[in-house]
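Notes to accompany the following structure.
The values are calculated or read from the model by the stated rules, or taken from the named source; none is laboratory data. Not measured: the values here are computed from a predicted model. No Cβ is skipped: glycine too gets one built from the backbone with ideal geometry, and neighbour counts run over all protein chains shown.
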Amino acid sequence: MTTVISAPRERTRTTSLRSRVRRALAPYIFVGPFLVAFALFMVLPLISAFNNSFYADRLVGGRVFVGFDNYRRAFDDSLFWQSAWRVIRFGVVQVIVMLTLSTMFAIGINRMTSWVRHVYRLGIFLPFAIPSVVAALMWGYLYSKNIGPIPDLADAIGTPAVELLSPSWILFSIGNIVTWSFVGYNMIIIYAALQTIPPSLYEAAELDGATKFQQTRTITLPLLRPALLLTTVFSIIGTLQLFAEPETLRRLAPQSINSSFTPNLYALNIAFVSNDLSYAAAVSFIIGFIAFVLSYAFMFVSTKRNT
Amino acid sequence: MHALRKVKLMPIVVGLGFVYTLIPLVWLIISSTKSNTDLFSTFGFWFSDDFQFFENFKRLFSHQDGIYTKWIINTVFYAFTSATIATIFAALCGYGLAKYEFRGRELMFAAIIGAVMVPTTALVIPLFLIFSDRGLTNTPWAIILPSIVSPFGVFLSRIFAETAVPDELIEAARLDGATELKIFRTVAFPLMKPGLITVFLFALIAVWNNFFLPLVMFSDPEKYPVTVGLNNWNSQATIASGSAEPLFNIIIAGSIVAIVPLMIAFVVLQRFWVGSLTLGAID
């Protein structure tokens, strides 16, 4: 990698010890500011939360060390596991649908030659710049039977209106909002990876008589593996932390989304409604641990299969 | 013939995706021209006779003594301050990681990347405790300080420094007697600039769109950013529909004001972020 090439001999002798010390210290000066902020606002809070997760506030005796009690409690907490299973089931469908769409859009735009592709690329990416609260409000109003167009449209074709905010549709409706928000972001990452595939590979395949579909299957998709891996892992982590969309939609669909709908909603509720910060910390770490295990399990499985 | 069919199919698929993207935005713009009554009584994807566009924005900026203006100013202030500092820190750190060999370098980089996995609750709740102990909740610090840490920014900056700053230039500047910081300022920084615009843009979005952190940190409505403010209005508008204030038209107007600045930034800076993200994939 980068090696510091030493200056010519005579020069080193004249550039004093001071400048060599300075150069040895330089990297720490560069990484220092970030590292301090990282330690203060990321590492320290995590350590304090981790520490806190081993304590409990008792009415008698105040704060006491309870070992793994908070974690044991979480393992028996059906509300927590319901919320965790809900987002995992949700994620399996939503992440697959979203990344399939992202890949199709990326390949499509990459193959297009008309100027329209720039408009498409920018347009599909733009929702990423829109706050999830606003995305959830827009779609939430569109879903609602009072403001949204669905009853009008259903009337026009003479079918009963689908109630997208009802309990049976709510996961689909949230999935649509998340997909809408992030399909373009993932498309850009995959599109960027496509740019690194040498055109000569396709030319060779073309000479061998491979169809476009065969080229996609045998050249494009295998070479997209790292990008697909990255986007999947980020999506898994994001899904487990689902918060802003259900929190915003909750106001429009109180009958479908309760305060333990996703693990993050539940943790926030434990912390600030039940005021049980230690238990909330334990629950948060379990969420993080699940994200970690699922991401690694996914990477393990997908790297195993092809070797 | 087979190839011909494929070539035509893909643009249609992408075109449909583009239309799908636009659906809620078109609805938002059409709805911003309607009164509350018309929002409920007219078809969502067409205009009503009563054109209320300007009145809606007037109402938005006068509702609750014009608190929305404060929310926008807060958002801009929180986002620009944090994104600027986050970009400087990330640029310095990425450059340091890319251009110097030192002990613990790879471990440090791994820790920074691992930080992406940390669930927001695990971080936000203890941050709230730490900040409330020091009386920092309900102050701009509560959102600015945690937001200056951008692990993704460091990741990108390292790649930009590796690909855009040649070692020879650094060596030449050293022979000329420049100090290490001066080399960064005069040689590396200008070369990393296009990439750093991307880092800035992503940091800006992260703060502008943040919801969880400000929701927890701010109880004083005067300090809200737009995300928390709009969510607050939405809950007022929907609680017990009988007594609810008809706020939907101003929430819609407020949503437009909240999303337009970042959309413009993305369109204007397109050539920077598309180029930089492509560069990121090469490595």
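Observations on the model:
- For A:ALA227, the criteria (1) touching a Leu at 6+ places or on another chain (Cβ under 7 Å); (2) buried (at least 19 other Cβ atoms within 10 Å of the Cβ); (3) in contact (Cβ under 8 Å) with a residue 24 or more places away in the chain; (4) among the small types (Gly, Ala, Ser) hold in every case but one, which is (1).
- Within segment A:129-140, considering residues that are in a helix (DSSP H, G or I) and facing chain B (nearest Cβ under 7 Å), the one surrounded by the most Cβ atoms within 10 Å (Cβ to Cβ): A:LEU137
- Per-region count, segment A:165-209, residues within 25 Å of A:VAL87 (Cβ to Cβ) and either more than 13 Å from chain B (Cβ to nearest Cβ) or part of a helix (DSSP H, G or I) (or both): 25
- Among the candidates B:PHE184, B:PHE218, residue that is surrounded by fewer than 24 Cβ atoms within 10 Å (Cβ to Cβ) and in contact with a Phe, Trp or Tyr (Cβ under 9 Å, 6 or more places away or on another chain): B:PHE218
Okay, residues lined up against (1) polar (S, T, N, Q); (2) within 17 Å of the chain's Cα centre (by Cα):
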{"site": "A:ARG73", "(1), (2)": "no, no"}
{"site": "A:GLN82", "(1), (2)": "yes, no"}
{"site": "A:ARG86", "(1), (2)": "no, yes"}
{"site": "A:GLY91", "(1), (2)": "no, yes"}
{"site": "A:VAL97", "(1), (2)": "no, yes"}
{"site": "A:ALA106", "(1), (2)": "no, no"}
{"site": "A:ILE109", "(1), (2)": "no, no"}
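- The single residue among A:PHE38, A:PHE105, A:PHE34, A:PHE90 that is within 12 Å of chain B (Cβ to nearest Cβ) and in contact with a Gly (Cβ under 8 Å, 6 or more places away or on another chain) turns out to be A:PHE105.
- Residues that are at the interface with another protein chain (Cβ under 10 Å from one of its Cβ atoms) and free of Cβ contacts under 8 Å to residues at least 40 places away in the same chain, drawn from segment A:262-274: A:ASN264, A:ALA267, A:LEU268, A:ILE270, A:ALA271, A:PHE272
- Condition met for A:SER259 (in a loop (DSSP other than H, G, I, E, B), within 30 Å of B:ILE251 (Cβ to Cβ) and more than 11 Å from chain B (Cβ to nearest Cβ)): yes
- In segment B:51-68, the residues that are modelled with pLDDT under 90 form Cβ pairs under 9 Å with partners that are of a type in the set (S, T, N, Q) and not in a helix (DSSP H, G or I), at six or more places apart or across chains, as follows: B:PHE51/B:THR33; B:GLN52/B:SER32; B:GLN52/B:THR33; B:GLN52/B:SER35.
- Matching entry among B:ILE205, B:ILE264, B:ILE256, B:ILE250 (being under 19 Å from B:ILE73 (Cβ atoms) and out of contact with any helix residue (DSSP H, G or I) (no Cβ under 8 Å at 6 or more places or on another chain)): B:ILE264
- Top-ranked residue of segment B:84-126 - restricted to ones that are outside any helix (DSSP H, G or I) and within 25 Å of the chain's Cα centre (by Cα), ranked as nearest to A:PHE34 (Cα to Cα): B:VAL118
- Consider segment B:145-186 and keep the residues that are touching a residue at least 24 places away in the same chain (Cβ under 8 Å), in a helix (DSSP H, G or I) and small (Gly, Ala, Ser). The one that is nearest to B:LYS223 (Cα to Cα) is B:SER147.
- None of A:ILE219, A:ILE237, A:ILE190 is modelled with pLDDT under 90 and surrounded by 14 or more Cβ atoms within 10 Å (Cβ to Cβ) except A:ILE237.
- Within segment A:54-61, one or more residues are hydroxyl-bearing (Ser, Thr, Tyr) and at pLDDT below 95.
- Among residues of segment B:36-75, those that are in contact with a helix residue (DSSP H, G or I) (Cβ under 8 Å, 6 or more places away or on another chain) and among the hydrophobic types (A, V, I, L, M, F, W, C), counted: 11
- Residues that are farther than 15 Å from B:PRO214 by Cβ and touching a Pro at 6+ places or on another chain (Cβ under 8 Å), drawn from segment B:224-237: B:ALA237
- Which listed residue, of B:ALA142, B:ALA110, B:ALA86, B:ALA122, is touching a residue at least 12 places away in the same chain (Cβ under 8 Å) and either away from chain A (no Cβ under 14 Å) or under 25 Å from A:VAL233 (Cα atoms) (or both): B:ALA86
- Where a residue in segment B:9-28 is at the interface with chain A (Cβ under 7 Å from one of its Cβ atoms) and its partner, wherever it lies, is of a type in the set (Lys, Arg), with Cβ under 7 Å and at least six apart: B:MET10/A:ARG111
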